[in-house]
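We did not get these values from a lab; they are worked out from the coordinates using the rules stated. Treat the numbers as computed from the prediction; the structure is a model and nothing was measured. Positions of Cβ are generated from backbone atoms using ideal geometry, with glycine treated the same way; all protein chains shown enter the neighbour counts.
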Amino acid sequence: MMKTYKFKLYTSKRNKYLNRQINIAAKIYNHCIALHKRYYKLFGKSLNSYAIIKHITKLKKRPKYAYWNTLNAQAIQDVVERIDKAYKLFFINHKRGIKSAPPSFKKVKKYKSFTLKQNGYKLFADNSIQIIGRRYKYYKSRDLEGTIKTVTIKRDSLGDLYIYIVCETQGNEVIPRTGKSVGFDFGLKTFLKASDGNDIISPEFFKQSENKIKKLNRNLSRKKKGSNHYKMAKRDLAKAHKQIADKRNDFHFKTALNLASEYAFICIEDLNIKAMQKIWGKKISDLSHNNFVNILKYQCSKTGSKVVEIDRFFPSSKTCYDCGYILNELPLNVRNWVCPNCGVIHDRDFNAACNIHRVGTSTLGEEIVRPVQQANFDDTRISRL
């Protein structure tokens, strides 16, 4: 089992050396991208990662690229492997007919991290770590468990530096538990529509701070680019965005932990996030459903709960939960509909949650799950004519 620990480095003058290492990694990244683009233009395929590493090893012997030697060799290998992995994904998507862009150049200032694998770092008993020959202090919030596999140094939009330590641990085996089951339909106004009526309302953190973000953007646009006031305004804007992201992440973790503790079996729908973003844009980005699903799976792995994703093409909203009748069309602006077969009035999202729960529990094929008794809902959700 892999576990990642995140620690923030102390703000110090020596942090400039780590920023230089990240900048060097960015330049190597852009150099490799240029090689890939040229090779792809000539031959229509990607370069071999081994050939690129061999090429970079030769370049480092030249005076022009001698400063690349200050970056750990394994960190350079990791940069090459990142690009190679991204290009392989691009070609797989291309074969499947999925629209996606190949890896492209990145601004040096916006490049974020480099990774050390087997060497280049050393941890000490106190809250300090040695990275490429220099010692740095970090805020040690907890002790490490297991064997260290990788250490990643990352900087955020504010310029703060963090270390991510990935450890391999031998955790206790989590046995699947018995208990309640539930189905959830992701919504826009309601973050999670539950089949048992315990809905979770979306806090919409970005929407709450939208006026503040607009004000900071206007303030930034009035500053002269490159001036100290411009840098201060840009930092204030980045800080506001970081606060929104932290709030959203905290909400996701707490919600996922509560659900994983309460339910033994959670049914959700496999969403096409890219397609949804084209329709609703920043609304989907604000809710960040995909990030929540990853966190939910992680929390469930610790409690013994199980998450089942229903196929995205299953007509959960158009299928009548009472009789199974399927509508031919159901526009997105229609929130309630009447079943032509049995005459039941359905709330679109609640009906979808019930269908997701039914299909999810039926695919389990085990007896450890007991469906939750539905509560007495008002006539706006389900009623008979």
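Using the basic label-point model (7 angstrom from Cα toward the beta carbon), what is the TYR164 to ASP143 distance in nanometres?
Rounded to a tenth, the inter-label distance reads 2.6 nm.
Placing +1 on the Cβ of each Lys and Arg and -1 on the Cβ of each Asp and Glu in the chain, which of ASN219, TYR17, ASN351 has its Cα farthest towards the positive end of the resulting dipole?
TYR17
What is the angle, in °, between the Cα long axis of helix 210-221 and the longest principal axis of the Cα atoms in the chain? Nearest 10 is fine, range 0 to 90.
30
According to a simple spin-label model (label point 7 Å from Cα along Cα-to-Cβ), what is the distance in nm between ASN228 and ILE200?
In this crude label model, ILE200 to ASN228 measures out at 4.6 nm.
Which GluC sites (Glu not before Pro) from the stretch 109-197 combine a DSSP loop assignment with at most 11 other Cβ atoms within 10 Å?
Hits after loop and neighbour filter: GLU173.
Under 13 Å from a point placed 7 Å out from the Cα of ASN69 along the Cα-to-Cβ direction: which residues of the stretch 23-56 have their backbone N that close?
Correct set: none at all.
For volume of the Cα convex hull per residue in Å³, pick the label among (i) 161; (ii) 195; (iii) 127 that corresponds to the value derived from the coordinates.
(ii)
Under a point spin-label approximation (7 Å from Cα along Cα-to-Cβ), what is the ARG335-SER157 distance to one decimal in nm?
Rounded to a tenth, the inter-label distance reads 3.1 nm.
Anything over 29 Å Cα to Cα? Flag those among LYS85/LYS214; LYS154/LYS282; LYS37/LYS110, in the order listed.
LYS85/LYS214
Any chance you could run the full-extension gain for PHE91 through LYS180? It's 0.36 nm times the residue separation minus the Cα-Cα distance, nm to one decimal.
Residue separation times 0.36 nm, minus the Cα-Cα distance, leaves 27.8 nm.
Rounding to the nearest 20 debye, state how big the charge dipole of the stretch 179-384 is about its Cα centre with +1 on each Lys and Arg Cβ and -1 on each Asp and Glu Cβ.
2100
Restricting to DSSP H runs of at least four residues, report the calculated mean residue ellipticity at 222 nm for the chain, -39500 (n - 2.57) per run over all residues, nearest 500 deg cm²/dmol.
Calculated from helices alone, the mean residue ellipticity at 222 nm is -14000 deg cm²/dmol.
Provide SER104, SER128 in ascending order of the number of other Cβ atoms located within 10 Å of each residue's Cβ, fewest first.
SER104, SER128
Taking amide H atoms as placed 1.01 Å from N in the peptide plane, list the residues 5 or more away in sequence, or in a different chain, whose amide H sits under 5 Å from that of VAL344.
Long-range HN contacts for VAL344: CYS339.
Say the cut-off is 30 Å between C-alpha atoms; which of LYS283/LYS318; LYS149/LYS297; LYS41/LYS149; LYS99/LYS215 go over it?
Pairs exceeding 30 Å: LYS41/LYS149; LYS99/LYS215.
Students often get this wrong, so check it: of LYS3/LYS61; LYS6/LYS88; LYS54/LYS112, which have C-alpha atoms separated by over 26 Å?
With Cα atoms farther than 26 Å apart: LYS3/LYS61; LYS6/LYS88.
Compute the angle between helix 228-262 and the longest alpha-carbon principal axis of the chain, please, reported from 0 to 90 degrees and rounded to the nearest 10.
50
Arrange ARG335, ARG248 by Cβ neighbour counts within 10 Å, fewest through most, would you?
Least crowded to most crowded, the residues run ARG335, ARG248.
At a threshold of 8 angstrom on Cα-Cα distance, excluding pairs fewer than six apart, so keeping six or more, what relative contact order does the stretch 1-113 reach in percent?
37 percent.
What is the stretch 1-100 by shape, rounded, prolate or oblate, if you read a ≥ b ≥ c off the alpha carbon gyration tensor as root eigenvalues and call it rounded for a/c under 1.5, prolate for a/b larger than b/c, and oblate otherwise?
The shape class here is oblate.
Lys and Arg at +1, Asp and Glu at -1: add these up for the other residues within a Cβ distance under 11 Å of GLU262 and post the number.
It works out to a net charge of 0.
Out of residues 5 or more away from TYR10 or on other chains, whose amide H comes under 5 Å of its own, with H placed 1.01 Å from N in the peptide plane?
Sorted by chain and number, the residues that satisfy this are LYS137, TYR138, TYR139.
Just report the Cα centroid separation between the stretch 1-41 and the stretch 337-361, whole Å.
49
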